[in-house]
Amino acid sequence: MTDAQPLVAEDADMKGAAGELRLPTVSVIIPVKQINAYAREAVHEVNRQFPECQVLVIPDCDEGVELDGATVVASWPITSPGEKRDLAVRLATGEVVAFLDDDAYPDANWLASSLRHFADDNVAAVGGPGVTPPSSDPRQRASGWVLASFLGSGGCTYRFRPGKRRYVDDLPSMNLLVRRSDFEEAGGFRCHYWPGEDTELCRKLVSVLGKRIVYEPDALVYHHRRAVFRAHLRQQARYGLHRGHFARRFAGNSRRIAYAIPTLFTLGLLLGPFAAATYPISLLLYSAAICIYIAALLVTGAWVWHHDRDFGVVVLTVAGIFTTHIVYGLSYLKGIFSSELSH
């Protein structure tokens, strides 16, 4: 797809009597473990900017907490985000169900830019980037730059900063709008995995239903990051574990060589010295690869400095990219050899 290719089809069902485009009604669904400050921020921003939307917040337990402009429904004993979303969809009234993470809040153009794509019956879902909020602290900003950099995320940077409008086959549920009828036909998330439940839903929408998913760069949300290093790396380990498991178990959107590159890098880094001791030519290749990687880290650091004039953030980002590659790579390998995941 190119930016010039039209994404909005002429669909009579989406037009009113005067011929103008009729936007579908929306239910915003926010699964949470418990209601916290980020969840309150998300609900506040949705209500402030899109007061016409139904908002459903699904915590584990009934804590007696009320949120203005939202319906709070406890899910216990259901605790996985995917199953919570399935529960919320059964209570939703909108033609489109819009999923947000509890630590994400939408930009003012979020709905206007995304809903128009549903005029095309072949489009089942629309999503956009989750960018780092401007109020983030240095460790959160470093986490954001790790994800937004090409060295950190490869071809998936469009998930963390605005990219080119396109059709995709996998988008994260922190910012995902799905036509309700397609969601129900696909069987919903129906998945105990977390993370990864969104990957499985997208796989069913594209591979089973034959529908399309649109990445819309203007359908933007602000997504609070897990601060480097501990929280960030724990999150990346979970992503790597589930992506590796899905690559072994399911055909489709997880079987891309790009997802295996951190594992190949990590194995090369660990096994390279042993190969060099046996085959002298390997020492030259190993040294060249290390030099290229260091150069890429320095170039990425310069790119971060251009956007965020904080030397501490640059250092944290460079270190964060390296540690992310190692942790994700090893977790991906573990996922490949896992017969089943408990979550």
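For this structure, a couple of remarks:
- The amide H of residue 166, built 1.01 Å from its N in the peptide plane, has 215 as neighbours under 5 Å, considering only residues 5 or more places off or on other chains.
- Between region 278-329 and region 101-128, the Cα center-to-center distance that results, in Å: 35
- Shape metrics for the chain, restricted to C-alpha atoms - Rg then Dmax, Å: 21.1, 77
- Table column - 3J(HN,Hα) (Hz), region 55-69, Karplus curve with 6.51, -1.76, 1.60, x for Gly and Pro: 10, 10, 10, 10, x, 5, 10, 7, 9, x, 8, 10, 10, 4, x
- Put simply, the convex hull of the Cα atoms in region 110-243 casts, on average, a shadow of 8.1 nm².
- Reference-scaled alpha-carbon Rg (2.2 N^0.38 Å with N residues) for region 26-104: 0.96
- Sorted fewest first by neighbouring Cβ atoms within 10 angstrom, 27, 113 come out as 113, 27.
- Dipole moment magnitude, nearest 20 debye, the chain about Cα centre, only Lys, Arg, Asp, Glu C-beta charged: 1360
- Put a plus charge on the Cβ of each Lys and Arg, a minus charge on the Cβ of each Asp and Glu, and nothing anywhere else: the dipole of region 247-336 about its Cα centre is then about 480 debye.
Any read-out appearing in this document is the output of simple, stated calculations on the displayed coordinates, not a laboratory observation. Computed from a predicted structure; not experimentally measured. Backbone-built Cβ (ideal geometry, glycine too); neighbour counts: all protein chains shown.
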